[in-house]
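J.: The structure follows.
The values are calculated or read from the model by the stated rules, or taken from the named source; none is laboratory data. No experiment lies behind these values; they were computed from the predicted model shown. Ideal geometry is used to build each Cβ from the backbone, glycine not excepted, and the neighbour counts take in all protein chains shown.
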Amino acid sequence: MKGLRHVGIVVKDLEKALHFYRDLLGFKQIKKMDEKGSYIDAIYGIKNIEVTTIKLAADDNNLIELLYFSIGAGKISTISNLNDTGFSHISCTVENIVNEYDRMKKAGVHFISAPQVSFDRYAKVAFCQDPEGNFIELVEVLSKK
């Protein structure tokens, strides 16, 4: 494997998700596509599917892909707890977690707790949830190991 290409997140409300990842977390929108037809039907294994995808890049060029299915949407399922089996969370590095926590909290983002210092004093960490209920970990590195 050469590297992780992107993390895909299926959303039921594309505008709310875009606001969260672009406007609150600061990812930059780099591509938007509406896809349908035999290619997309084949790779998803679902007939007559229509999907809008938006690729968003972090400053380090890691990508998140938001997927909104206008036709062919599946069931809604999210992880309820961080220790549930399956996709758990996305972790993002931030410069100042207290500032991000305060700013995002004022914007109505739900956090599990205020930022906490890790047991080894390496980082400050806080988990929040995106509009779909997915967990996002914010990490401020305090010291180099």
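J.: Checking Met104 against (1) closer than 15 Å to Ala17 by Cβ; (2) of a type in the set (A, V, I, L, M, F, W, C); (3) in contact with an Asp or Glu (Cβ under 9 Å, 6 or more places away or on another chain); (4) modelled with pLDDT of 95 or more, which single condition isn't satisfied?
T.: For Met104, the exception is condition (3).
J.: Would you check if Ser38 is under 20 Å from Pro131 (Cα atoms), small (Gly, Ala, Ser) and not assigned by TED's automatic domain parsing to the domain that holds Ala126?
T.: no
J.: Would you mind finding the one in Glu95, Glu132, Glu137 that is in contact (Cβ under 8 Å) with a residue 40 or more places away in the chain, of a type in the set (Asp, Glu) and in contact with a His (Cβ under 9 Å, 6 or more places away or on another chain)?
T.: Testing whether each residue is in contact (Cβ under 8 Å) with a residue 40 or more places away in the chain, of a type in the set (Asp, Glu) and in contact with a His (Cβ under 9 Å, 6 or more places away or on another chain) leaves just Glu137.
J.: Could you run through the range 88-103 and say how many residues are more than 12 Å from Leu24 (Cβ to Cβ) and surrounded by 14 or more Cβ atoms within 10 Å (Cβ to Cβ)?
T.: Number of matching residues: 5.
J.: Continuing with this model, one more query. Residues in the range 104-116: is at least one of a type in the set (A, V, I, L, M, F, W, C), assigned to a strand (DSSP E or B) and surrounded by fewer than 17 Cβ atoms within 10 Å (Cβ to Cβ)?
T.: Yes, the range 104-116 contains a residue that is of a type in the set (A, V, I, L, M, F, W, C), assigned to a strand (DSSP E or B) and surrounded by fewer than 17 Cβ atoms within 10 Å (Cβ to Cβ).
J.: Just to be sure, is Leu66 touching a residue at least 40 places away in the same chain (Cβ under 8 Å) and in contact with a Leu (Cβ under 8 Å, 6 or more places away or on another chain)?
T.: Yes: the conditions hold for Leu66.
J.: If you go through the range 1-32, how many residues are part of a strand (DSSP E or B) and at pLDDT 95 or above?
T.: Of the residues in the range 1-32, 5 are part of a strand (DSSP E or B) and at pLDDT 95 or above.
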